[in-house]
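Everything below concerns the one structure shown next.
Read the figures in this text as sums done on the coordinates, not as results from a lab. Please read all numbers here as calculations on a predicted model, not as lab measurements. Because the Cβ atoms are built from the backbone with ideal geometry, glycine has one as well, and the counts that use them run over all protein chains shown.
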Amino acid sequence: MKVAFTTSGTTLDAPMDPRFGRAQGFIVYDTENDTFEAVDNRQVLNSAHGAGIQATEAIVRQGAKCVVTGHCGPNAHRALNAAGIRIYTTEAPTVAEALEAYRAGALATLNAADVDGHWS
Amino acid sequence: MPESKIQELVIISGKGGTGKTSIAASFAVLAGFPVIADCDVDAADMHLILAPSVRERHEFRCGNEAVIRPDDCTGCGRCRDLCRFDAIAEVKGGGSYVVDPVACEGCGVCVRFCPERAIDFPESLCGEWMVSETRSGPMVHARLGIAAENSGKLVSTVRREARRLAEENGHRLVLVDGPPGIGCPVIASMTGASQALVVTEPTVSGEHDLERVLKLARHFDIPAAVCVNKWDLNPEMTERIEALAVRSGARIAGRIRYDRAVTLAQIQEKAVVEIDAPSAGDIRLVWESLGL
Amino acid sequence: MIISVASGKGGTGKTTVSVNLARTIGSGVQLLDCDVEEPNAHLFLRGRETGSEIVTIPIPEVDESLCDGCGECGRLCRYHAIVSFGSVPLVFPELCHGCGGCTLVCPRGAIRETGKRIGVVETCDANSISLIQGRLDIGVAMAPPLIRAVKARLNREMTAILDAPPGTSCPVIATVRGSDFVVLVTEPTPFGLHDLRLAVDMIRELSIPFGVVVNRMGVGDDRVHRFCREEEIPILLEIPDDRRIAEAYSRGELVVDRVPEYASHFATLLWNIREFRNAGGA
């Protein structure tokens with residue numbers, strides 16, 4: 001299964017980006033063959049509105065089934081839900097540590113938006 | 001550095017012309033090398049005081065705009081009928097149509113439904129944003145193209161870049177000079193900020209606009225402080241405004257006296273606190289009250 | 001005749017010029033407050049409210065029984081206001097510009113439009129001045145549709161004064177577009193000049209005749225005047241930096257009522273607008 005992590009870097013030791021829609025990018029990790037791909041989200045960063053929705057579209061295109069991030073606004077939450085993507089939150093500082101927590105089943109799922117829209 | 005450690009103060013006013021930028025420029029001097037973000041992209045004035053030397057320039061693109069190829073247009077008028085923004089008109093003499101780029105919202109409806117596929121949809125260049133050095137710290141600022149739309153998106157870009165600079169270089173404060181009003185650019189400049197300072201003036205307009213801008217701050221859950229500039233022009237109104245601020249859940253950050261030296265400082269391209277101005281002390285007290 | 005009062009910089013005295021000019025014209029005049037984010041003209045005219053109408057923009061509503069999740073709507077929408085992930089699409093009303101594209105493109109006719117409130121248009125009668133103002137709801141980002149709703153109440157039989165929002169972007173353009181003349185209000189300071197230049201570029205782009213009012217004469221220097229001379233822009237009126245004007249303004253009073261000597265200033269302004277409009281302005 002593919003899992004997307006919000007990050008400001010392109011490697012597993014890169015820091016997590018706590019933002020979802022306005023994250024610098026994503027690392028999409030495939031748990032079946034332990035490979036990953038870095039996806040640039042900066043295009044979306046430039047929009048004034050709708051960043052969470054566009055980021056969701058990007059994740060759907062990558063085929064990810066869940067996303068690990070810091071926080072998630074109401075629009076992004078609705079979009080992710082509609083796309084059938086599970087949302088996990090973490091305060092882990094790096095992607096590698098977040099991945100470890102994900103594998104250990106130690107992450108909390110987010111059942112409602114936890115920040116206001118436009119949180120960036 | 002974790003993002004939460006960086007403070008972001010946004011200075012807004014609701015009403016324009018209350019002295020917001022003069023105060024923001026003074027704060028830039030007092031803050032000890034913050035990152036400065038001029039988000040009043042419609043009428044950016046901070047650079048007139050801080051004399052930036054531009055280090056980077058970036059094009060700012062915002063959406064697309066419809067352009068009808070006159071040779072392929074058969075003049076059926078479908079595009080004009082479908083356009084909700086009144087942006088398409090018949091060319092004088094008839095026979096073909098033309099898009100008014102100023103009114104076009106870039107929705108792409110005409111492009112999609114033109115039976116002749118005679119409408120192009122190029123990306124539009126709306127302005128530029130810059131990263132500069134100033135004597136008070138790095139500054140991110142922008143210039144919106146003439147009659148360009150979407151300043152909210154440009155505001156978001158300026159803020160994001162300012163925050164990135166702060167993260168990369170270990171600044172602990174981002175100082176945002178916001179636009180007037182309560183609409184799109186203001187929302188884009190204040191959401192997620194750690195604190196908002198509203199600079200108002202003791203007039204009926206100042207009072208009215210303060211009420212609306214404080215509602216906006218509450219709507220987005222941002223702690224707000226209020227300072228009355230030129231307070232001595234109408235002390236009674238100042239008291240009324242401060243009472244209103246407190247009722248609306250804002251803190252009082254202080255009063256700044258009416259001072260002609262503010263314009264004098266502007267003419268010398270200096271911040272008010274950089275010259276011997278009577279109101280400089282007031283501005284210092286307001287700054288200190290913010291606890292930044 | 002439609003006269004827009006605008007300025008690059010906020011707080012230069014747009015509303016002061018608008019309301020006093022309206023009072024100077026006296027009767028048969030409409031004052032449209034298009035600064036819908038912060039409408040202030042009513043604070044000076046204090047008329048009797050005669051009407052209030054809710055303004056909405058059309059947003060899509062999806063009939064789930066007809067939708068087959070094809071996603072055409074989401075592919076057309078430039079604003080990400082309607083998105084489909086292979087199922088019934090989601091609508092994000094605050095992102096919608098009301099272009100109507102999704103209703104047109106839906107192959108199954110599953111999308112119809114419904115109204116989303118963005119603000120109100122209020123009309124008010126103030127001593128023979130007919131005031132029409134838009135008031136944007138708090139938290140709503142899109143001012144132009146509300147400005148268009150205010151302007152839909154223009155009466156071609158009357159002289160109309162449009163009080164524009166500050167700046168040079170979309171809401172200002174939505175206001176001044178279609179005007180016969182634009183009055184740009186500035187002050188003789190570096191900020192005033194810088195923002196005046198931007199406003200001049202904008203008005204020239206729109207090809208509308210215009211002139212300049214210099215407010216608070218005496219506070220700064222002569223660079224605004226030099227600029228106007230070089231660019232051959234007419235100066236329609238100079239308003240001195242008079243504490244009595246600032247005080248009248250702070251209390252919400254009209255200058256022409258409070259300091260009668262200024263009545264002739266605004267009469268001159270009106271005369272100049274008519275002259276320069278006929279001559280084509282700057």
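Computed across chain A, the Kirkwood hydrodynamic radius from all distinct Cα-Cα pairs reaches 13.6 Å. Taking a ≥ b ≥ c as the square roots of the Cα gyration tensor eigenvalues, chain C comes out prolate, since a/c reaches at least 1.5 and a/b is larger than b/c. With respect to chain A, whose longest principal axis is taken over its alpha-carbon atoms, helix A:51-62 is tilted by about 40°. In terms of distances greater than 21 angstrom between alpha carbons, the cross-link table entries C:14/C:151; B:215/C:151; B:20/C:9; B:20/B:230; B:20/C:14 yield B:215/C:151. The base-10 log of I(q)/I(0) for the stretch B:40-196, evaluated at q = 0.11, 0.14, 0.16 Å⁻¹, reads -0.56, -0.76, -0.87 [Debye formula, identical scatterers on Cα atoms, solvent excluded]. Among residues other than residue C:18 with Cβ under 12 Å from its Cβ, the summed charge is -1 (Lys and Arg +1, Asp and Glu -1). Please report the net charge: other residues with Cβ closer than 15 Å to the Cβ of residue A:13, K and R +1, D and E -1. Taking every Cβ under 15 Å from that of residue A:13, the sum is -3.
Cα-based radius of gyration for chain B, normalised by 2.2 N^0.38 Å, reads 1.17. Between the alpha-carbon centres of the stretch B:69-87 and the stretch B:191-239 there is a gap of 46 Å.
Can you figure out the FRET efficiency of residue B:54 with residue A:114, using R₀ = 45 Å and their beta-carbon distance, to the nearest 0.05? Using R0 = 45 Å, I get an efficiency of 0.70.
Shape of the stretch B:136-215 from its Cα gyration tensor (a ≥ b ≥ c, root eigenvalues): rounded if a/c is under 1.5, otherwise prolate when a/b > b/c, or oblate? It comes out oblate by the Cα gyration axes.
Shown for chain C are no DSSP H helices, since none reaches 30 Å along its axis, judged by Cα atoms, with a mean Kyte-Doolittle hydropathy of at least -0.5.
By the beta-carbon count within 10 Å of each Cβ, the least crowded to most crowded order of B:18, A:94, C:189, fewest first, is A:94, C:189, B:18. Computed over the alpha-carbon pairs of the stretch C:1-132, the distance histogram in 5 Å steps reads 2, 10, 16, 14, 10, 8, 8, 9, 9, 7, 4, 1, 0 percent, short to long.
GNM, chain B, Cα, under 10 Å: largest mean-square fluctuation among B:168, B:239, B:133? Its mean-square fluctuation being the largest, the pick is B:168. Counting every other Cβ atom within 10 Å of each residue's Cβ, C:45, B:290 order from fewest to most as B:290, C:45.
So, R0 is 35 Å and r is the distance between the beta-carbons of residue B:120 and residue A:62; what FRET efficiency does that work out to, to 0.05? Working from the Cβ atoms, E equals 0.70. When +1 charges are put on Lys and Arg Cβ atoms and -1 charges on Asp and Glu Cβ atoms, the dipole computed for the protein assembly as shown relative to its Cα centre reaches about 600 debye. Length, then width, then depth: along the principal axes, the Cα atoms of the stretch B:32-112 run 63, 20, 19 Å. Here the sum of -39500 (n - 2.57) over DSSP H runs of 4 or more residues, divided by the residues of chain C, equals -10000 deg cm²/dmol at 222 nm, to the nearest 500. So what's the net charge close to residue B:259: Lys and Arg +1, Asp and Glu -1, counting the other residues with Cβ under 9 Å from its Cβ? Residues near residue B:259 contribute +2 overall. Normalising the average separation of contacting C-alpha pairs (under 8 angstrom, six or more residues apart) by the number of residues puts the relative contact order of chain C at 26 percent. Between residue A:33 and residue A:97, the distance separating the two model label sites (each 7 Å from Cα on the Cα→Cβ line) works out to 3.1 nm. Between residue C:204 and residue B:71, the C-beta separation translates, for a Förster distance of 30 Å, into a calculated FRET efficiency of about 0.55.
Given the protein assembly as shown, what percent of its DSSP beta bridges are antiparallel, to the nearest 5? Percent antiparallel among DSSP bridges in the protein assembly as shown is about 50.
Answer rounded, prolate or oblate for the protein assembly as shown, using the Cα gyration tensor with square roots of eigenvalues a ≥ b ≥ c: rounded when a/c is under 1.5, else prolate when a/b is larger than b/c, else oblate. The shape class here is oblate. The lysines within cross-link reach of residue A:65, meaning a Cα-to-Cα straight distance under 16 Å and a gap of 8 or more places when in the same chain, are A:2.
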